[in-house]
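Working notes, structure below.
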Amino acid sequence: MKIHEYQAKEILRRHGVPVPSGKPAMSVDEAVSAADQLGGPIWVVKSQIHAGGRGKGRFAEVSSAEEIQAAADGHPLDGKGGVQLCRSIDEVRAAAEFMLGNTLVTKQTGAEGKQVSRLYIEGGADIAQELYLSVMLDRSNHRVMLMASAAGGTEIEDVAEADPEAIKRVHVDPAIGLGGWQGRALAKDLGLTGKAVNRAAVFFQKLVACYVAMDCDMLEINPLIVTGDDNVMALDAKMSFDGNALYRHKDVQALRDLSEEDEAELEAGEYGLSFINLDGNIGCLVNGAGLAMSTMDIIQYKGGKPANFLDVGGGAKKDQVVAAFKIITKDPAVKAILVNIFGGIMKCDIIAEGVLAAVQEVGLQVPLVVRLSGTNAELGRKIIDESDLNVITADDLDEAGTKAVAAAQGA
């Protein structure tokens, strides 16, 4: 689960992590009022969407097709972006009027962009140095890790590709946490001097403590700034959470912005289905996460692209299968559907009945490839064979992948 920058900063503030003063705004009047309360002489108006690269983004309202694509590729042309510096209340009002309701395209949104419905008004900061900092789980070492770079304000992926040695990594002992000496050493490695060294070390410790306490997946500060008087603070904040731990954080669940999430994924969640939209054209309906991954792998291996990850689970009922099929068929990009079931707890005849019910309800406009194996596989195949569906059957996963890719290509 992701949240907006202003929400992340409020959580950081509660954990003692320094952030600039700011206020959220859902309307132009709220933006003007927030700027008035913050005082001047400089304000920053920030679009709030669940995507990075807002400052380099481009709004669709004033963009040509070429400019929108340039923003999606991370190379916007000159023009108003999703983060604007304002030197008067009138400029704040103009920026808010321009941003709210407009569609912002960034490198992370793709060419379709995201509509801006929330803003964050922040006071200006005396920036002497910009750094990159994130906290995440390093699964290879089974420890929380700080990743930092002196190249703040840029995409960390670009830094890693251009100069891997510029990225510093520090692992946190799970028993004692981040040591002060580790924080000071990291600060010096990043080029900090004077009072900023100790202040950064404290900042690092508080950030790690926040990450652990809130069950975060990832906590990214880009940029982390050092001010002219050697203070250290988070100028931006991106925070996501482990969905399996959200039951411990009802306050975080309340921050969820459903308008930022994929409609199909939300619908799948209502039925207890694990679903992720992808950019391919072969819909997948599978039971079990491992088998779902293998199914996507075989599609890719055979030259196709999966349109989704969909795990109906080991104990799905007929209505869940119907819902899963309907979600897949709503995607106009889907040119073929592959149903791949290995029956265990999940019986193949239940899947077959669910597919038939779904087809009767929504119709079948694309080729359907079905591979059933395991518990009640023969009964499942009999149910499908005795129907009037034009189904392409397969005996194993390799054959299913080949036929699904061919069907999607019109063969």
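Read the figures in this text as sums done on the coordinates, not as results from a lab. Bear in mind the structure is a predicted one, so any value in this text is a computation, not a measurement. Note: ideal-geometry Cβ built from the backbone for every residue, glycine included; neighbour counts use all protein chains shown.
What separates the Cα centres of the range 38-56 and the range 364-411 is a distance of 51 Å. Among 284, 210, sorting on how many other beta-carbon atoms sit within 10 Å of each Cβ, with the fewest leading, yields 210, 284. Across the range 230-246, computed HN-Hα scalar couplings (Karplus, 6.51 cos²θ - 1.76 cosθ + 1.60, θ = phi - 60°) run 6, 7, 10, 8, 8, 7, 9, 7, 10, 9, 10, 10, 6, x, 6, 10, 5 Hz from first to last residue, x flagging Gly and Pro.
What lysines does residue 206 reach when the alpha-carbon gap must be under 20 Å and sequence neighbours fewer than 8 apart in one chain are set aside? Qualifying lysines at Cα under 20 Å: 9, 168, 188, 195, 238. Only DSSP H runs of four or more residues enter the estimate; each adds -39500 (n - 2.57), and after division by the residues of the chain the mean residue ellipticity at 222 nm equals -11000 deg cm²/dmol. Evaluated over the Cα positions of the range 315-390, the convex hull gives a direction-averaged projected area, one quarter of its surface, of 4.4 nm². The 3J(HN,Hα) values that the Karplus relation (6.51, -1.76, 1.60; θ = phi - 60°) gives for the range 347-356 are, in residue order, 8, 5, 5, 5, 4, 4, 5, x, 5, 4 Hz. Gly and Pro appear as x. Compared with the dominant Cα axis of the chain, that is its longest principal axis, helix 289-301 is turned about 80°. Here the spin labels are modelled as points 7 Å beyond Cα on the Cα-Cβ line, and at residue 317 and residue 393 they lie 2.9 nm apart. Here's the picture: a label point sits 7 Å out from the Cα of residue 242 along the beta-carbon direction, and within the range 171-187 the residues with their amide nitrogen under 20 Å of it are 171-179.
For 378, 10, the sequence from fewest to most other C-beta atoms within 10 Å is 378, 10.
Dividing the convex hull volume of the Cα atoms of the chain by its residue count, what figure in Å³ per residue is obtained?
Hull volume normalised by residue count: 166 Å³.
Taking the C-alpha atoms only, the angle from helix 195-213 to the longest principal axis of the chain is near 30 degrees. The fewest-to-most ranking of 121, 351 by surrounding Cβ atoms within 10 Å reads 121, 351. Annotation: amide H of residue 129 within the under-5 Å range of 226, sequence separation 5 or more or interchain, hydrogens built in the peptide plane.
Here the 3J(HN,Hα) profile of the range 156-166, calculated from phi with Karplus coefficients 6.51, -1.76 and 1.60 at θ = phi - 60°, is 5, 4, 5, 5, 4, 6, 7, 8, x, 5, 6 Hz, Gly and Pro shown as x.
Between the Cα long axis of helix 397-408 and the first principal axis of the chain there is an angle of about 80°, rounded to the nearest 10. Rg over Rh for the range 127-253 works out to 0.97, using Cα positions for both radii and the Kirkwood form for Rh.
Taking amide H as placed 1.01 Å from N in the peptide plane, residue 335 has its amide H under 5 Å from the amide H of 282, 283, each at least 5 places away in sequence or on another chain.
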